[in-house]
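Below is one structure, written out as structure tokens; comments come after it.
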Amino acid sequence: MPPQLQPLGDQAVMAYFPAEAEALSFARTLAASAEDWLLEVVPAYASVAVFYDLASIDYAGAAVRLEQVAWSNSAHKTQPGPLHIIPCCYELGLDNARVAQHTGLSPARIIELHAGAIYTVYALGFCPGFPYLGYLPAELVSVPRLDTPRLRLEKGSVGLTGRQTGIYTEARPGGWNIIGRTPLTLVNVADGYFPLRAGDHVRFRPISEHDFRQLEGKRLEDYDS
Amino acid sequence: MSLRVLEPGLCSLLVDQGRLGHRNLGVPLGGAADRWSLTLGNALVGNLPDALALEISLAGPSLRAEGQVACVLCGAPFSMMCNDRYRVVGTTFTLQAGDELTIGGTTTGMRAYLCVRGGFTAPAILGSRSSLEPIRAGAELPCLAGRIHGRFLRDLPFASPTVLRVLPGLQADWFDMAEFLLQEYTVTPASNRMGLRLDATPLTFNDPGREMSSEPVSPGAVQVTRDGRCILLGVDGQTIGGYPKIAHVIQADLDAVGQLRPGDHFRFVRVDLAEARRAYLKRCADLDDWVKRLRTSLEGWRGLSPVNM
């Protein structure tokens with residue numbers, strides 16, 4: 001199915017795909033192309049924003065090129081992204097009781113389900129390197145956000161809401177339900193360190209608080225190899 | 001050579017033209033909120049458009065020169081004193097070692113750029129030297145030594161925008177566009193480089209229960225929160241958002257967004273894609289024109305050629 005194209009202001013063409021995998025594949029192909037009017041390619045779930053240089057092309061011109069890329073891309077499959085194992089200390093969660101109450105599951109079962117699934121990084125956003133991971137096992141879906149967001153969540157906080165789970169890569173205010181914390185450093189903007197990319201896969205490994213302290217501050221690459 | 005920060009001001013930030021190409025990592029575009037003023041300021045001191053400058057917002061800093069530095073302040077008409085003498089926005093001057101430059105406030109507009117000849121020096125992060133944090137008291141801002149004759153820009157009036165041109169947003173059909181366009185909007189104090197929170201009568205959702213998944217957004221997007229209020233995203237705005245967007249400010253007017261201050265009133269007016277592009281090309285051509293004129297006049301001076309950063 002061809003994507004639906006719409007203008008994101010006069011800056012980008014927004015391409016909506018029927019499924020997330022198609023959007024990720026299209027984004028990867030396009031980012032590797034050498035279109036001289038192309039500024040940035042930003043995927044998120046089933047959508048891709050394609051930023052173009054308004055001085056060298058107009059919306060209609062960019063849209064025609066994207067239709068061609070989408071058409072030729074639909075023929076071949078792209079490689080799946082790498083799988084990262086991310087340690088998570090569920091004892092350091094803040095909202096495990098709230099999640100248990102909403103889902104009717106025991107805290108142990110919640111950990112089993114959350115750490116049992118392999119997630120896809122559908123987007124990086126909110127703050128630098130924050131991975132939007134999906135989708136949660138059906139039993140964990142639909143826990144609403146907190147009514148009042150917390151003013152500060154520690155770096156590494158692992159949260160969930162709706163169908164998504166994610167990791168606060170930097171300390172931030174946030175309204176997701178926090179069920180654990182990873183000791184790993186998953187972003188360092190000053191060093192250009194962004195080990196997770198859209199299309200990669202992630203699985204959480206439960207660890208003890210003792211292991212959390214041992215691993216605290218380590219980079220993903222020093223653990224995930 | 002450097003400028004020493006005596007008082008940091010409200011939010012003084014080292015900026016260039018931004019960190020293009022990293023939004024897929026969740027890193028905002030960033031850079032100068034008013035790229036037009038940054039480019040002109042840089043041209044006045046002989047720099048290329050992307051040289052690193054100090055963005056001043058509402059209340060400026062106090063700085064002490066550790067040596068001879070060629071400067072200009074370009075943008076909103078901030079008051080400014082060098083020791084006991086007034087200096088004017090848009091006119092170049094040379095600071096001598098020990099001189100104290102105090103940038104005050106402005107009666108109109110929000111931001112101006114202190115450009116030094118050769119640009120400030122800072123490490124590049126993801127292709128940009130823009131800092132991630134505002135300057136602090138006591139900090140040293142390294143730059144090149146330099147001097148400059150008095151140069152100034154004529155016929156360049158500064159006015160706060162009263163109208164911003166928009167294209168319909170990706171979720172414009174969630175709302176009544178007429179209701180949106182008829183209102184006057186006021187910038188609230190809860191505004192910053194990430195976004196302007198606007199005050200007006202809350203907008204009505206056609207279907208209040210409707211949800212959307214998060215998707216890429218960009219500066220200029222007008223998001224509507226659950227309570228019907230508008231947030232206009234700025235240069236440091238997040239890269240992905242889950243709020244519906246009723247409209248999108250065109251690129252030609254984004255610098256104007258960077259000059260809106262709390263209390264300012266304005267309206268949105270709707271244009272189409274063709275008009276947006278014409279406006280953008282004209283703005284680029286106008287800026288190019290100014291830069292060329294400045295460069296030509298600069299090349300006439302012995303020993304003063306454009307500086308490459």
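The values are calculated or read from the model by the stated rules, or taken from the named source; none is laboratory data. All values derive from a computational prediction rather than experimental measurement. Cβ coordinates were reconstructed from backbone atoms using ideal geometry, including for glycine residues, and neighbour counts include every protein chain displayed.
Just to be sure, is residue A:93 within 30 Å of residue A:157 (Cα to Cα), under 21 Å from the mean Cα position of the chain (by Cα), surrounded by fewer than 16 Cβ atoms within 10 Å (Cβ to Cβ) and of a type in the set (Gly, Ala, Ser)?
No, not satisfied.
Could you count how many residues in the stretch B:37-63 are part of a strand (DSSP E or B) and among the small types (Gly, Ala, Ser)? Break it down stepwise before answering.
Applying the first criterion (part of a strand (DSSP E or B)) to the stretch B:37-63 yields B:47, B:53-57, B:59, B:62-63.
Now drop any that are not among the small types (Gly, Ala, Ser), which leaves B:53, B:57, B:59, B:62.
Matching residues across the stretch B:37-63 total 4.
Would you kindly identify the strands (runs of 3 or more DSSP E) lying entirely within the stretch A:30-94 that contain at least 3 residues that are farther than 21 Å from residue A:6 by Cβ?
A:83-88
Filter the stretch A:31-44 down to residues that are within 11 Å of another protein chain (Cβ to nearest Cβ) and at pLDDT 95 or above, then give me how many there are.
Quick first cut of the stretch A:31-44, residues within 11 Å of another protein chain (Cβ to nearest Cβ) only: A:31, A:38-44.
Filter again for at pLDDT 95 or above, leaving A:38-44.
The total comes to 7.
Name the residues in the stretch B:264-283 that are away from chain A (no Cβ under 12 Å) and surrounded by 18 or more Cβ atoms within 10 Å (Cβ to Cβ), would you? So that I can check it myself, show each step before the final result.
Pass one, the stretch B:264-283, residues away from chain A (no Cβ under 12 Å): B:264-270.
Correct list: B:264, B:266, B:268.
What is the number of the single condition among (1) closer than 19 Å to residue A:51 by Cβ; (2) over 20 Å from the mean Cα position of the chain (by Cα) that residue B:242 does not meet?
(1)
One line per residue, one yes/no per condition, for (1) in contact with a helix residue (DSSP H, G or I) (Cβ under 6 Å, 6 or more places away or on another chain); (2) within 12 Å of chain B (Cβ to nearest Cβ):
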{"site": "A:170", "(1), (2)": "no, yes"}
{"site": "A:179", "(1), (2)": "yes, no"}
{"site": "A:182", "(1), (2)": "no, no"}
{"site": "A:194", "(1), (2)": "yes, yes"}
{"site": "A:197", "(1), (2)": "no, yes"}
{"site": "A:201", "(1), (2)": "no, no"}
{"site": "A:213", "(1), (2)": "no, no"}
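I'd like to verify a number: residues in the stretch B:109-130 that are within 14 Å of chain A (Cβ to nearest Cβ), in contact (Cβ under 8 Å) with a residue 24 or more places away in the chain and not charged (D, E, K, R), how many?
Final tally of qualifying residues: 6.
Taking into account only those residues within the stretch A:16-27 that are more than 12 Å from residue B:23 (Cβ to Cβ) and touching a helix residue (DSSP H, G or I) at 6+ places or on another chain (Cβ under 9 Å), which is nearest to the other protein chains (Cβ to nearest Cβ)?
Top of the filtered list is A:16.
Pick from the stretch B:39-80 the residues that are out of contact with any Asp or Glu (no Cβ under 6 Å at 6 or more places or on another chain) and among the charged types (D, E, K, R): which of them is nearest to residue B:1 (Cα to Cα)?
Top of the filtered list is B:66.
Which of the numbered conditions does residue B:213 fail, given that it passes all the others? Conditions: (1) surrounded by 12 or more Cβ atoms within 10 Å (Cβ to Cβ); (2) more than 30 Å from residue B:48 (Cα to Cα); (3) at pLDDT 95 or above.
Condition (3) is where residue B:213 drops out.
Taking into account only those residues within the stretch A:1-22 that are modelled with pLDDT under 95 and of a type in the set (A, V, I, L, M), which is farthest from residue B:215 (Cα to Cα)?
That would be A:1.
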